[in-house]
Amino acid sequence: MRMVDIIAKKRDGNTLSREEIHFFIEGYVKGEIPDYQASALAMAILFRGMTNEEIAILTDEMQHSGEVMDLSTIKGVKVDKHSTGGVGDKTSLVLCPMVAACGAKVAKMSGRGLGHTGGTLDKLESIPGLSVQESDEEFIRQVNKVGLAIIGQTQDLVPADKKLYALRDVTATVDSIPLIASSVMSKKLASGSDTILLDVTFGEGAFMKDIDSARDLARIMVDIGNSLGRNTQAVLSDMNEPLGCAVGNALEVEEAISALHGNGPKDLMELCYTCGSIMLTQAGLAKTEQDARGQLERAVKSGQAFKCFINMVEQEGGDISYLLNPSEFKKADHIVDVISSKEGFISRINALEIGEASMRLGAGRETLDDVIDPSAGIILHKKVGDYIHFGDVLCEIHTCKDESEYKPVIEQIRHAYEYVDVPVNVHPVVWEVVK
Ligand code: URA
């Protein structure tokens with residue numbers, strides 16, 4: 001078999017066989033197939049697509065390209081969630097402790113941020129002392145002890161995705177439904193949980209720009225998960241404005257802490273309660289989503305959800321005094337208000353622009369080697385639907401960069417806001433559930 005023939009076959013719009021997909025994945029992981037051939041195939045897949053069966057085979061081959069976690073020694077139902085990425089998306093930091101407080105076992109491996117989207121690991125690492133590296137044994141022990149662990153993917157888990165994702169990121173081949181579906185589901189299946197909840201984001205700040213493509217992606221991933229015996233569901237959530245008010249690592253941890261006390265922004269709380277209700281029913285810990293919601297609300301009100309977060313951070317070496325007193329988080333050198341030069345109802349806050357602006361302030365990385373400033377980011381003072389007068393504060397920026405660097409970012413942020421003259425109908429953050 002020759003890689004060049006596989007590329008040509010997909011270039012011409014034909015269906016690849018299991019043998020051909022296996023040949024590609026195995027050869028690429030072993031380093032026998034060079035990056036230039038893998039990127040040519042990724043581009044052919046992006047343009048030509050794949051059948052659902054090809055996507056399922058690609059997912060399966062990727063899943064088995066390395067270690068597959070065995071979580072059987074964790075007592076109870078293991079639940080997992082994954083978001084396809086967004087701006088201000090600190091959902092995992094709030095949702096996972098909430099469901100763990102209700103008895104679900106959360107054994108979660110998360111990723112880092114790249115480009116305009118943030119990553120859960122970077123957010124967690126803004127808590128001084130916390131390390132997201134654990135051995136498989138430590139990971140399992142922690143979940144058995146405190147019901148919850150969020151760590152970095154172990155080195156051997158789905159090596160095919162590690163190589164392919166890095167390649168796709170620099171070859172403009174990220175936004176392809178077959179490639180996203182196989183990337184997400186290979187990792188979720190290899191991580192070994194019993195149930196999977198996918199948060200498929202759509203809008204300007206997400207990979208899927210509209211709800212129809214988000215629904216197509218969700219359908220494919222849900223079918224793959226269920227066909228392999230994992231109870232899998234997906235929510236389609238709106239990323240046409242950042243989620244919550246905080247964008248940037250330590251700022252998002254502070255907002256997550258408020259949410260765990262029940263005081264988070266409305267869209268974030270709603271997303272966490274909706275996702276949490278589905279996760280508890282998937283796990284058989286609640287009969288109905290209404291019952292699940294009651295459990296989650298009690299876990300927040302009683303402080304149990306926050307306690308679970310503290311326990312997890314403590315187990316991972318983090319200094320919990322920052323959680324008990326969030327004002328201890330180191331502040332950025334400059335905190336500057338961004339003032340509105342327009343008037344009207346906000347109809348959109350372009351999440352892509354806000355994500356990029358936050359990255360330019362120091363909160364994200366353009367390449368994997370960039371160092372993140374945990375204190376950097378943006379706090380939105382107004383959200384979609386709010387009325388703005390001239391001179392109102394739209395948001396504040398937090399940065400250690402000097403004025404010549406942050407001034408152009410302020411212009412980019414202003415540009416992200418769109419206004420209308422009439423009141424805006426604000427849609428709930430979750431638009432649909434795909435079962
Ligand atoms: N998240 C992933 O894990 N993989 C993708 O391809 C896109 C988003």
How about region 397-420: which of its residues are touching a His at 6+ places or on another chain (Cβ under 9 Å) and over 11 Å from L361 (Cβ atoms)?
D402, E403
Any idea which of (1) within 16 Å of the ligand (Cβ to nearest atom); (2) aliphatic (A, V, I, L, M); (3) not in a helix (DSSP H, G or I) is the one L130 doesn't satisfy?
(1)
Residue match in region 154-165 (condition: more than 16 Å from the ligand (Cβ to nearest atom) and aliphatic (A, V, I, L, M)):
no
Can you name the residue in region 71-90 that is surrounded by 24 or more Cβ atoms within 10 Å (Cβ to Cβ) and either aliphatic (A, V, I, L, M) or farther than 13 Å from K188 by Cβ (or both) and is also farthest from the ligand (Cβ to nearest atom) among such residues?
V79
Across region 99-143, the tally of residues that are hydroxyl-bearing (S, T, Y), open to solvent by less than 30 Å² (accessible area, probe 1.4 Å) and closer than 19 Å to Y322 by Cβ stands at 2
Index of the failed condition, L228 passing every other in (1) within 15 Å of the ligand (Cβ to nearest atom); (2) over 17 Å from the mean Cα position of the chain (by Cα):
(1)
Qualifying position, being closer than 19 Å to T274 by Cα and out of contact with any Gly (no Cβ under 6 Å at 6 or more places or on another chain), among K105, K145, K90, K123
K90
Within region 73-92, count every residue that is within 12 Å of the chain's Cα centre (by Cα) and over 15 Å from L197 (Cα atoms).
5
Checking the structure you have, find out if any residue of region 174-194 is within 13 Å of the ligand (Cβ to nearest atom), open to solvent by less than 10 Å² (accessible area, probe 1.4 Å), touching a strand residue (DSSP E or B) at 6+ places or on another chain (Cβ under 6 Å) and not aliphatic (A, V, I, L, M).
yes
List every residue pair whose Cβ atoms lie under 9 Å apart, where the two residues are 6 or more positions apart in sequence or sit on different chains, the first residue falls within region 333-357 and is closer than 14 Å to G391 by Cβ, and the second residue, located anywhere, is open to solvent by less than 40 Å² (accessible area, probe 1.4 Å) and among the aromatic types (F, W, Y).
S340/Y417; K342/Y417
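Working carefully through the options R348, R360, find the one that is among the charged types (D, E, K, R), within 22 Å of F207 (Cα to Cα), open to solvent by 20 Å² or more (accessible area, probe 1.4 Å) and out of contact with any Ser or Thr (no Cβ under 9 Å at 6 or more places or on another chain).
So the residue among R348, R360 that is among the charged types (D, E, K, R), within 22 Å of F207 (Cα to Cα), open to solvent by 20 Å² or more (accessible area, probe 1.4 Å) and out of contact with any Ser or Thr (no Cβ under 9 Å at 6 or more places or on another chain) is R348.
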Long-range neighbours under 7 Å by Cβ, at least six apart or interchain, first residue closer than 14 Å to A256 by Cα within region 84-105, second acidic (D, E):
G88/E252; K90/E252; K90/E255; T91/D199
How many residues of region 203-212 are away from the ligand (no atom under 13 Å from the Cβ) and open to solvent by 10 Å² or more (accessible area, probe 1.4 Å)? The answer is 5
How many residues, within region 286-324, are touching a Gly at 6+ places or on another chain (Cβ under 6 Å) and either at pLDDT below 95 or not charged (D, E, K, R) (or both)?
4
Give the residues of region 258-282 that are of a type outside the set (V, I, T), part of a helix (DSSP H, G or I), over 16 Å from E432 (Cα atoms) and open to solvent by 10 Å² or more (accessible area, probe 1.4 Å), sorted by residue number.
S258, K266, M269, Q282
Test set (1) out of contact with any Gly (no Cβ under 9 Å at 6 or more places or on another chain); (2) modelled with pLDDT of 95 or more; (3) under 25 Å from K187 (Cβ atoms) - L228 fails condition number
(2)
For region 382-411, which residues satisfy the criterion of being assigned to a helix (DSSP H, G or I) and either modelled with pLDDT under 95 or surrounded by fewer than 16 Cβ atoms within 10 Å (Cβ to Cβ) (or both)?
E403, S404, E405, K407, P408, E411
Scan region 292-315 and tell me whether some residue there is surrounded by fewer than 16 Cβ atoms within 10 Å (Cβ to Cβ) and part of a strand (DSSP E or B).
no
Scanning region 116-127 for residues that are touching a residue at least 40 places away in the same chain (Cβ under 8 Å) and more than 11 Å from the ligand (Cβ to nearest atom) gives H116, G118, D122, K123, L124, E125, S126, I127
Only one of L352, L361 is touching a strand residue (DSSP E or B) at 6+ places or on another chain (Cβ under 6 Å) and in a helix (DSSP H, G or I); which?
L361
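The values are calculated or read from the model by the stated rules, or taken from the named source; none is laboratory data. Please read these numbers as outputs of a predicted model, since none were measured by experiment. Methodologically, a virtual Cβ is constructed for each residue, glycine included, from the backbone with ideal geometry; neighbour enumeration extends over all protein chains shown. Just so you know, the surface numbers come from the protein's heavy atoms only, side chains and all, with ligands and any DNA or RNA stripped out. Shrake-Rupley method; radii C 1.70, N 1.55, O 1.52, S 1.80 Å.
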